[in-house]
């Protein structure tokens, strides 16, 4: 199979494969994506058979995450698709190998994606690093805590300015790890699609001060919360009360809330409390660079240990290195010493993103720790975090 970046000459094949696997050509998103986004804001890698027919593809959408305090550029992999005629022939493996090589050469050290079916990506050592709390319940069954009646809600009918939303988002996500740093480009893209797909919004105020927003859609009889940001629980409760007041138009609530959301503690019917949903995966594609760029706090523990990381797909990620943690940060050097800690790249990805602690991964026999001191050092530089992301393409 021959791989190369897509250009205008073969974009029609990309459109056809997208139409077959995802949104149809007559949908709004398809038209917007291929008219305004594809190849203008991203890159697409395609694999072609001997007849020059597109067999497999991945779209490399650029984002910047705030990961462990650093601004980290990445590619959000979307539109990962293989023509049915080429499936079962290791096309996706070759596609990922080429994509990772390109992105690694660009200086990126991880990628993210939202899987439709995790089993497609687990063999390539992607791992879940973001979760959501999924609510699906009768709207009449929605309960919430105390509401501050001094909060005034304003339904925004003319959605032509996202400035207030952007400011509230930026403030809200500071308590989380791994969130997308939304520039004007990201907000403009989101806003265009959201408003043209029946998106609606309300902003909460205390006096003249905006203190939160809710973005939602009414799809048939479903009130679907797309995103919420708020300064405190009373603001969130005001939005949930606002949602419940739609019982004349809707009979069901759908909401993918943050993983740490506790609204369900107010529910009188435990069957409505929802469940944890694995949401987005990631994969480290350059383990050495990830370690080199890792920020550490000023009160870190000093010491050294040896770590072995293995990777079945990206051979250069098979590293056995000694980490010296000192006043100047982390120094990395190759070694032949026996490892104090062993893990594969998927476990390293989850640990690096902070979705799970080292002790949790050890308890599941995902990571092997042969030295208590080494485990203490690694836990200190890679502590567990509270992750958040809410991007869909």
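Taking the stated definitions as given, is residue 375 assigned by TED's automatic domain parsing to the domain that holds residue 298 and at positive phi? No.
Inspect all residues belonging to the stretch 240-251 and state whether any of them is at pLDDT 95 or above and within 22 Å of the chain's Cα centre (by Cα). It would help to see each step written out before you state the result.
Residues of the stretch 240-251 that are at pLDDT 95 or above, as a first pass: 240-251.
Restricting the remaining residues to those that are within 22 Å of the chain's Cα centre (by Cα) gives none.
Scanning the stretch 240-251, I find no residue that is at pLDDT 95 or above and within 22 Å of the chain's Cα centre (by Cα), so the answer is no.
The requirement of being surrounded by fewer than 19 Cβ atoms within 10 Å (Cβ to Cβ) and without any contact (Cβ under 8 Å) to a residue 40 or more places away in the chain is not satisfied by residue 266.
Going by what's in this entry, would residue 351 be described as buried (at least 17 other Cβ atoms within 10 Å of the Cβ), under 18 Å from residue 302 (Cα atoms), in contact with a helix residue (DSSP H, G or I) (Cβ under 9 Å, 6 or more places away or on another chain) and modelled with pLDDT of 95 or more? If you could, list the steps in order and put the result at the bottom.
Details: buried (at least 17 other Cβ atoms within 10 Å of the Cβ): yes; under 18 Å from residue 302 (Cα atoms): no; in contact with a helix residue (DSSP H, G or I) (Cβ under 9 Å, 6 or more places away or on another chain): yes; modelled with pLDDT of 95 or more: yes.
The answer is no for residue 351.
Scanning the stretch 159-180 for residues that are crowded, with 16+ Cβ neighbours inside 10 Å and either under 23 Å from residue 352 (Cα atoms) or in the same structural domain as residue 350 (by TED's automatic domain parsing) (or both) gives 172, 173, 176, 177, 178, 179, 180. If we scan the stretch 294-303, do we find a residue that is buried (at least 20 other Cβ atoms within 10 Å of the Cβ) and under 29 Å from the mean Cα position of the chain (by Cα)? No: the stretch 294-303 contains no residue that is buried (at least 20 other Cβ atoms within 10 Å of the Cβ) and under 29 Å from the mean Cα position of the chain (by Cα).
Checked against (1) surrounded by fewer than 14 Cβ atoms within 10 Å (Cβ to Cβ); (2) modelled with pLDDT of 95 or more; (3) within 29 Å of residue 24 (Cβ to Cβ), residue 87 meets all criteria but (2). Against the list (1) assigned to a loop (DSSP other than H, G, I, E, B); (2) surrounded by 15 or more Cβ atoms within 10 Å (Cβ to Cβ); (3) assigned by TED's automatic domain parsing to the domain that holds residue 45; (4) touching a helix residue (DSSP H, G or I) at 6+ places or on another chain (Cβ under 8 Å), the condition residue 147 fails is (3). A Cβ distance below 6 Å, combined with a sequence gap of six or more or placement on separate chains, defines the contacts here; from the stretch 7-24, residues that are in contact (Cβ under 8 Å) with a residue 12 or more places away in the chain reach residues that are part of a helix (DSSP H, G or I) in the pairs 15/34.
Yes/no per residue for (1) touching a helix residue (DSSP H, G or I) at 6+ places or on another chain (Cβ under 9 Å); (2) touching a residue at least 12 places away in the same chain (Cβ under 8 Å); (3) more than 25 Å from residue 151 (Cβ to Cβ):
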{"residue": "251", "(1), (2), (3)": "yes, yes, yes"}
{"residue": "254", "(1), (2), (3)": "no, yes, no"}
{"residue": "297", "(1), (2), (3)": "yes, no, yes"}
{"residue": "311", "(1), (2), (3)": "yes, yes, yes"}
{"residue": "316", "(1), (2), (3)": "yes, yes, yes"}
{"residue": "319", "(1), (2), (3)": "yes, yes, yes"}
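A single member of 380, 328, 334 is surrounded by fewer than 14 Cβ atoms within 10 Å (Cβ to Cβ) and under 29 Å from residue 174 (Cα atoms), and it is 328.
Criterion applied to 108, 132 was being farther than 26 Å from residue 381 by Cβ, touching a strand residue (DSSP E or B) at 6+ places or on another chain (Cβ under 9 Å) and surrounded by 19 or more Cβ atoms within 10 Å (Cβ to Cβ), and the one residue passing it is 132. Given 17, 54, 65, 45, which one is touching a strand residue (DSSP E or B) at 6+ places or on another chain (Cβ under 7 Å), closer than 18 Å to residue 284 by Cβ and not assigned by TED's automatic domain parsing to the domain that holds residue 292? Residue meeting the stated conditions: 65.
Looking across the stretch 95-143, the residues that are over 24 Å from residue 63 (Cα atoms) and in a helix (DSSP H, G or I) come down to 119, 123, 139, 140, 141.
Residue check: is residue 202 surrounded by fewer than 20 Cβ atoms within 10 Å (Cβ to Cβ), in the same structural domain as residue 263 (by TED's automatic domain parsing) and touching a helix residue (DSSP H, G or I) at 6+ places or on another chain (Cβ under 8 Å)? Please lay out each step first, then the result.
Values: surrounded by fewer than 20 Cβ atoms within 10 Å (Cβ to Cβ): yes; in the same structural domain as residue 263 (by TED's automatic domain parsing): yes; touching a helix residue (DSSP H, G or I) at 6+ places or on another chain (Cβ under 8 Å): yes.
Yes.
Surrounded by fewer than 16 Cβ atoms within 10 Å (Cβ to Cβ) and in contact (Cβ under 8 Å) with a residue 12 or more places away in the chain, is that true of residue 69?
On the way: surrounded by fewer than 16 Cβ atoms within 10 Å (Cβ to Cβ): yes; in contact (Cβ under 8 Å) with a residue 12 or more places away in the chain: yes.
Yes; evaluated as a whole, the condition is true for this residue.
Consider residue 157 carefully, then state whether it is over 19 Å from residue 208 (Cβ atoms) and free of Cβ contacts under 8 Å to residues at least 24 places away in the same chain. It would help to see each step written out before you state the result.
Details: over 19 Å from residue 208 (Cβ atoms): yes; free of Cβ contacts under 8 Å to residues at least 24 places away in the same chain: yes.
When the stated conditions are applied, residue 157 passes them.
Quick one: would you say residue 92 is touching a residue at least 40 places away in the same chain (Cβ under 8 Å) and outside any strand (DSSP E or B)? So residue 92 does not fit the description; no.
The values are calculated or read from the model by the stated rules, or taken from the named source; none is laboratory data. Remember, predicted model here, so these are calculated numbers, not experimental data. Positions of Cβ are generated from backbone atoms using ideal geometry, with glycine treated the same way; all protein chains shown enter the neighbour counts.
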